[in-house]
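Engineer: Handing you this structure, nothing more for now.
Only the coordinates and a few stated rules stand behind these numbers; no lab work does. Everything numeric in this text was worked out from a predicted model, so none of it was measured. Cβ sites come from the backbone with ideal geometry, for glycine too, and all protein chains shown count toward neighbours.
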């Protein structure tokens, strides 16, 4: 299917209203021979939904990267604008959008549109409120950033279906110097405000940047990551050999004259900035850091839980899960305490695939098999299922060293690109067999692919709800769906069931260490020691995880808070409905409204309970 191309800007609502109403008073008088013009008056719901669409598309048009991610090929030759002027213009647009929204009469909206209205209002107000924290981020870090987004977007999302797409790819390569110049300005602005990523971040980012400019045409040998990607895509086009060669030659020039100088300059700047970085990791060290973290927790969890409450919740959950792990340990016949069992699971080679191409291929094949088997069981749990396909892939070599353990990329809006579960196989000792099953459920089916693909395919929802996200909802669903297969008798292997608990334990520990680092002033080493003492994970996996929590304050708290809320709401519905409770209907309530804050999810479940009780 051809990617969607939005080339016509939507008319502002005020102009649309004028066009609908006619051109002015002088046209209202009709001669007897003229038929009367019947003007269809928009309802408030129609006005609201038109405004939701306009707001969504206004924001999409402001960011070429978002367009590409959605499968839209407008501005296909551009990167996002990182300038302060662009940001300020965005804030002004948000204020304008909020004023337009407030002109809608909420009392005349149907229930679904009213929910959309409240979500849009909350989103716009939050964007404006959080503007004061604009600089409280690390635009490049070991998890994500502009430096890694360039190759990632080009390789994974910039499809080439004709020659114009290829030229857009080359144009993007030539635009990297401007993008990186803006990036350095943003990094310097933060540095001037005392906001610099911790020192451990810099070797990761510098190494990832160096990897992009390895291989041909930067040096002799095999084609580098970007040249290989471009060449492979262009090879599939129906072009003459001369045309194909010309495109590849243009790409080589762009890589040498634009990409290499841009990355070299960025690396040199980062090496200088590294000298100013320190080893204090929590955001408490920043000016107003405690207030920033409080707001971050509120935004991430969509609750009013304090750092102290979240910390205690984590401690309580760790204790509960340890107890359940002991029961599984005894079931396996292991002789020793839980700490010894952790060590056994970490070190016994039966639990790991070989760190070889064959071992990695076997991991991907088994993960695919787990997901395929789960597909056959979906009717037992769901009334609605996604249409989009999903595949399993290894994280690409250029980013596998610094990327997370696993993640999901949703399908394109037009369905031309499937959902992708990425497994990071850089170090196979970090990907034990006993966690494979739960990880596949979380990232694939019935986890993120079910939730995100279904949301994207909802026909009666405005786009901002289909493509929007609330971390506590999305990651809470992912963690909930690690447990769900156990309830239909999967996890037959006790070690896999232990792996499920190990992953839940990991998320419970996140509540402890995230708040520990950013609110209780724990050092990186203290946080690492806590995970070493309380989880069966390897030292390398633990170090990578703690470094993630450091650069993404509050994000790690979303998983367990969201899962607990979904389970609480499910139990509430069960208790209220008794024999009328249908888990498939409950899941429809959770999934068919798109991503929502947890308090809104509770309202939706309450409405489902009331309607079912009738």
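Engineer: Of all DSSP beta bridges located in region 292-564, what percent are antiparallel, nearest 5?
Structural biologist: Working: 4 of 9 bridges.
In region 292-564, DSSP labels about 45 percent of beta bridges as antiparallel.
Engineer: Give the distance, in whole Å, between the Cα centre of region 534-555 and the Cα centre of region 584-614.
Structural biologist: 33
Engineer: Set the Förster radius R0 to 56 Å, insert the Cβ-Cβ distance between residue 327 and residue 241 as r into 1/(1 + (r/R0)^6), and round the FRET efficiency to 0.05. Walk me through the numbers on the way to the answer.
Structural biologist: Working: r = 66 Å, r/R0 = 1.18.
Efficiency, from the Cβ-Cβ distance: 0.25.
Engineer: Which Rg and Dmax, in Å, describe the Cα atoms of the chain?
Structural biologist: Computed over the Cα atoms of the chain, radius of gyration and Dmax are 25.9, 99 Å.
Engineer: Hey, another quick one. Please give, to one decimal in nm, the separation of the simple spin-label points placed at residue 95 and residue 66, each 7 Å out from Cα toward the Cβ.
Structural biologist: 1.9
Engineer: Another question about this same structure. Can you classify region 276-327 as rounded, prolate or oblate using the Cα gyration tensor, where a ≥ b ≥ c are the square roots of its eigenvalues, rounded means a/c under 1.5, and otherwise it's prolate if a/b beats b/c and oblate if not?
Structural biologist: Values: a/c = 3.77, a/b = 1.75, b/c = 2.15.
Because a/c hits 1.5 or more and a/b fails to exceed b/c, region 276-327 counts as oblate.
Engineer: With just the Cα atoms defining each centre, how far is region 369-405 from region 42-102? Give it in Å.
Structural biologist: 30
Engineer: Exposure proxy check: 518, 322 ranked by fewest other beta carbons within 10 Å? It would help to have the intermediate numbers written out before the result.
Structural biologist: Details: 518 28, 322 15.
With the fewest neighbours first, 518, 322 line up as 322, 518.
Engineer: How high is the relative contact order of the chain? Use alpha-carbon pairs under 8 Å, at least six apart in sequence, and give a whole percent.
Structural biologist: 15
Engineer: Then there's this: From the Cα gyration tensor of region 93-207, with a ≥ b ≥ c the square roots of its eigenvalues, which class applies: rounded if a/c is under 1.5, or else prolate if a/b is larger than b/c, or else oblate? The partial results should precede the final answer.
Structural biologist: Numbers: a/c = 2.68, a/b = 1.46, b/c = 1.84.
It is oblate, given that a/c is not under 1.5 and a/b is not larger than b/c.
Engineer: If neighbour count is taken as other Cβ atoms inside 10 Å, put 445, 474 in order from fewest to most. Walk me through the numbers on the way to the answer.
Structural biologist: Values: 445 27, 474 20.
Fewest-to-most ranking of 445, 474: 474, 445.
Engineer: Kindly identify region 281-394 as rounded, prolate or oblate by the Cα gyration tensor criterion: order the square roots of the eigenvalues as a ≥ b ≥ c, call it rounded if a/c is under 1.5, otherwise compare a/b with b/c, prolate if a/b is larger, else oblate. Please report the intermediate quantities before stating the final value.
Structural biologist: Working: a/c = 1.79, a/b = 1.29, b/c = 1.38.
Oblate, because a/c is 1.5 or more while a/b does not exceed b/c.
Engineer: Out of all DSSP beta bridges in the chain, what portion is antiparallel? Express it as a percent rounded to 5. Don't skip to the end; give the middle numbers.
Structural biologist: On the way: 5 of 11 bridges.
Beta bridges within the chain, antiparallel portion: roughly 45 percent.
Engineer: If you don't mind, another one. Rounded to whole Å, give me the distance from the Cα center of region 252-306 to that of region 188-235.
Structural biologist: 16
Engineer: Also, quick follow-up: What distance in nm lies between label points placed 7 Å from Cα along the C-beta direction at residue 378 and residue 249?
Structural biologist: 4.9
Engineer: Two-decimal Rg/Rh of region 292-564 from alpha-carbon positions, Kirkwood Rh?
Structural biologist: Details: Rg = 18.3 Å, Rh = 19.2 Å.
With Rh from the inverse mean 1/r over Cα pairs, Rg/Rh is 0.95.
Engineer: If each of residue 610 and residue 315 carries a label point 7 Å out from its Cα toward its Cβ, how far apart are those two points in nm?
Structural biologist: A separation of 3.9 nm, rounded to one decimal place.
Engineer: Quick one: 560, 574, 565, fewest Cβ neighbours within 10 Å first, how do they rank? Intermediate results must be reported in sequence, preceding the final value.
Structural biologist: On the way: 560 26, 574 14, 565 22.
Ascending Cβ contact count within 10 Å gives the list 574, 565, 560.
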